[in-house]
Amino acid sequence: MNGSVARMQLDTGSDVTIISTGTWRKIGSFQMNPSSVTVPFDTICNKVGSGSVSVNALKTKFPEVFSEQLGLCTKAKVKLELKAGKSPVFRLKRPVAYAMYRAVDDELYRLEQDQIISPVDYSEWAAPIVVVWKASGSIRICGDYSTGLNDALRPNQYPLPLPQDIFTSLANCTVFSQIDLTDAFLQMEIDERSRQLLTINTHRGYQYNRLSPGVKVAPGAFQ
């Protein structure tokens, strides 16, 4: 811009394009002329500025938010309801590739240490596991509940919002934030009476104490 490099964000659908006073000075403080287009700017934005936030200061002020420990929702527990007449389904474990055996074993140990799963000796319900490699190089262990449990569960009736509903609800909002929950479903605790349904069959038996990915009702329950 005017012979100088300036970082900009392009939004082809925006009504106005704005720059800060600092950017205007950086590109030469060129003369500005009144716009030929009338826009009620005060209804769009009443303050434009830039600033820096110290991440370390935020970590010090809100240590519980930045804790390395997995979070836990304390407001409710997820209950799983079976359809009438459904019998338990017990599926045998699937073989784990030798190349992944150590990684699976380590992940099961981590989940047990974090009290996400608990060892069990027997169960009427059991599902095999699915191992997924994540972009970070770690793995995610999910129960393959499509083998029987999902069909036996009553669906969660909470309506998931559509994108247009969410965007409409944001009208006139003034403060926005972005949150990235690590293992989001696993931050929801399962009701004690429902945990036996979430038994996974590996070279060791475990049941989930938290909401496991792969359960049909998980998205609605989490929402």
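Below are the figures for this structure:
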{"read-out": "Extreme residue, farthest from Glu124 (Cα to Cα), among residues of region 196-219 that are among the aliphatic types (A, V, I, L, M) and out of contact with any Pro (no Cβ under 7 Å at 6 or more places or on another chain)", "value": "Ala218"}
{"read-out": "Filter result (open to solvent by less than 30 Å² (accessible area, probe 1.4 Å) and closer than 14 Å to Ile117 by Cα) within region 180-200", "value": "Leu186, Met188, Ile190, Asp191, Ser194, Leu197, Leu198, Thr199, Ile200"}
{"read-out": "In region 77-114, residue surrounded by the most Cβ atoms within 10 Å (Cβ to Cβ) [restricted to those that are under 22 Å from the mean Cα position of the chain (by Cα) and free of Cβ contacts under 8 Å to residues at least 40 places away in the same chain]", "value": "Glu107"}
{"read-out": "Residue tally, condition more than 21 Å from the chain's Cα centre (by Cα) and either loosely packed, with under 10 Cβ neighbours inside 10 Å or on the phi > 0 side of the Ramachandran plot (or both), over region 149-179", "value": "4"}
{"read-out": "Members of region 121-134 found to be of a type in the set (A, V, I, L, M, F, W, C) and open to solvent by 40 Å² or more (accessible area, probe 1.4 Å), listed by number", "value": "Val130, Val131, Val132, Trp133"}
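The values are calculated or read from the model by the stated rules, or taken from the named source; none is laboratory data. Here the structure is a predicted model, which means the values were calculated and not measured. Here Cβ is always computed from backbone atoms with ideal geometry, including for glycine, and neighbour counts include all displayed protein chains. Heads up: the accessible areas ignore ligands, DNA and RNA and are worked out on the full protein's heavy atoms, side chains in. Shrake-Rupley method; radii C 1.70, N 1.55, O 1.52, S 1.80 Å.
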